[in-house]
1. Between exposed GluC sites (Glu not before Pro) in the chain, where DSSP calls loop and at most 11 other Cβ atoms lie within 10 Å, what's the longest gap?
2. Based on alpha-carbon centroids, what's the gap between region 74-123 and region 255-275 in Å, whole number please?
3. Might you tell me the accessible area per residue for the chain, computed with a 1.4 Å probe and given in Å²?
4. With all protein chains present, how much of the accessible area of the chain (probe radius 1.4 Å) comes from carbon and sulfur, to the nearest whole percent?
5. Work out from phi, with θ = phi - 60° and the Karplus expression 6.51 cos²θ - 1.76 cosθ + 1.60, the ³J(HN,Hα) of each residue of region 95-112, listed in order in whole Hz, and give x for Gly and Pro.
6. How far is it, in nm, from the label point at Cys266 to the one at Leu190 when both lie 7 Å from their Cα along the line to the Cβ?
7. In the calculated pair distance distribution of the chain, what percentage of Cα-Cα distances lie above 32 Å?
8. For region 33-480: lysine pairs with Cα atoms under 29 Å, gap of 8 or more or different chains, count?
Amino acid sequence: STMRKRKTTDSPRSSADLSEGKEKLRLKQEVGLISGVSLIAGTMIGSGIFMSPEWVLHHMGSPASSLLIWAACGLLAMFGALSYAELGTIIKESGGEYIYILRIFGSFPAFLFAYTSVILVRPAGLAAVCLSFAEYAVAPFYPGCSSPQVVIKCTAAACILLLTIINCLNVRLATSVMNIFTAAKLLALLVIVVGGLVLLANGQTQSFQNAFQNTTAGIGAVGVAFYQGLWSYDGWNNLNYVTEELKKPEVTLPRAVMIAIPLVTCLYVLVNVSYLAAMTPSELLSSGAVAVTWGDKVLGNWAWLISLSVALSTFGSSNGTFFSGGRVCYIAAREGHMPDILSMAHVRCLTPSPALLFTSAMSLIMIISGSFTSIVNFFSFIAWLFYGMTISGLLYLKIKKPELPRSYKVPIIIPIIVLMAAVYLVLAPIIDQPQIEILYIILFIFSGIILYFPLVHFRCHPRFLQRVTLHLQLLLEVAPTTRD
């Protein structure tokens, strides 16, 4: 594996000039430090902290061990993000894991990542978060009974369509939405934290007596508990997907990581303490929605604020997921791993609208096809498989290519710890509780071989695709992009 050199000349496709050859089309650098922090924190704080605590407690068996899992997940996310920050200052391109795997390991593994991420992982994750948003958004209209599935799915679809419009219109509009919703959800979490501190001050500490009693010790159970916790931290790597749109990425990337992730970790641990102050472990385990139960017990008539907060939180998180997920599709197309039309940007809005529309369409298919009760475990399995590959690439560069210019260096022990954690998270559930769905996921990943060799390696492209691409360019008002 050798470091792939970036092309020094643009291909005819990627260097199409506008305005009679005087101006090149490229995405703007409009994401500053505040927007960077909002993109990380705003995507991380979604439905997870309102839904996952009961499952972490269920798998760990005791309050104290579940709090340790939440803190450990935050530390692991921080270590992973710091490792990615160094990668982002070596390879200053958007695309996250995809571009790092491509530059370090080559075309084939990068294609498998892009294929899996664009077709399955990102759309499924976005659909799951939008379904969570829909459940909380429609719940007030159906008091005392469960909401109809058709209403939930239609609301989730409307959420995706609204996000598509926002992100296609303007990058600045999308980041402004992120900033506003991040502020709103931080305020909601602070309400829960303050409420918990008041309960503790009033002596409601029964959940913390003999706090380690009944702790589970099985490696599989701990691994699944990590999956549930890490689902709530997912998004720690989102800024690496938009590196080319960052203002001063060598400074903004590490700083945003160092601000956002410790902030989210502290909030998550304190929110869990607040849940345990308001409820006994058995009450927490029997709660269908922990945050709503907390609101009923602590806020009384103001409990509706929690449902509103969760809806706002999940909408903001889905916006961040959509913003970064569309970039993976866009970058993969720019590198020749997806159809050319997906590598183009709108000539006036300067957004990768075809890639965003494709991500939206795949997410809508996921919503129509069913629910996502087990998506967390399988999403995490795929994610940590590729996180581990990416971190091993960083270790390769640190050992074999120390001369490469980098404005930020992470101590080598940190990526080693992340790589060990990734290996554990991938193997532990397979060894302890093997499931046939894991085999299906692995088969899906390697099914990309069927597409890679004819379409990418041998470039066997049907001629009608060129005509389709031209017609779509005219319809969508998009043109090929170039890069610095």
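1. Values: sites that count: Glu20, Glu403.
The answer is 21-402.
2. 24
3. Details: 20460 Å² over 484 residues.
About 42 Å² of surface per residue is accessible.
4. Whole-percent figure for carbon plus sulfur exposure: 66.
5. x, x, 3, 4, 6, 5, 5, 4, 6, 9, 9, x, 5, 5, x, 5, 5, 4
6. 1.2
7. In whole percent, the long-distance tail amounts to 39.
8. 20
The values are calculated or read from the model by the stated rules, or taken from the named source; none is laboratory data. For clarity, every value in this text was computed on a predicted model and none was experimentally measured. Heads up, the Cβs are rebuilt from the backbone with ideal geometry, glycines too, and the neighbour counts pull from every protein chain shown. Each accessible area value is taken on the protein alone, full model and side chains, heavy atoms only, with ligands, DNA and RNA left out. Shrake-Rupley method; radii C 1.70, N 1.55, O 1.52, S 1.80 Å.
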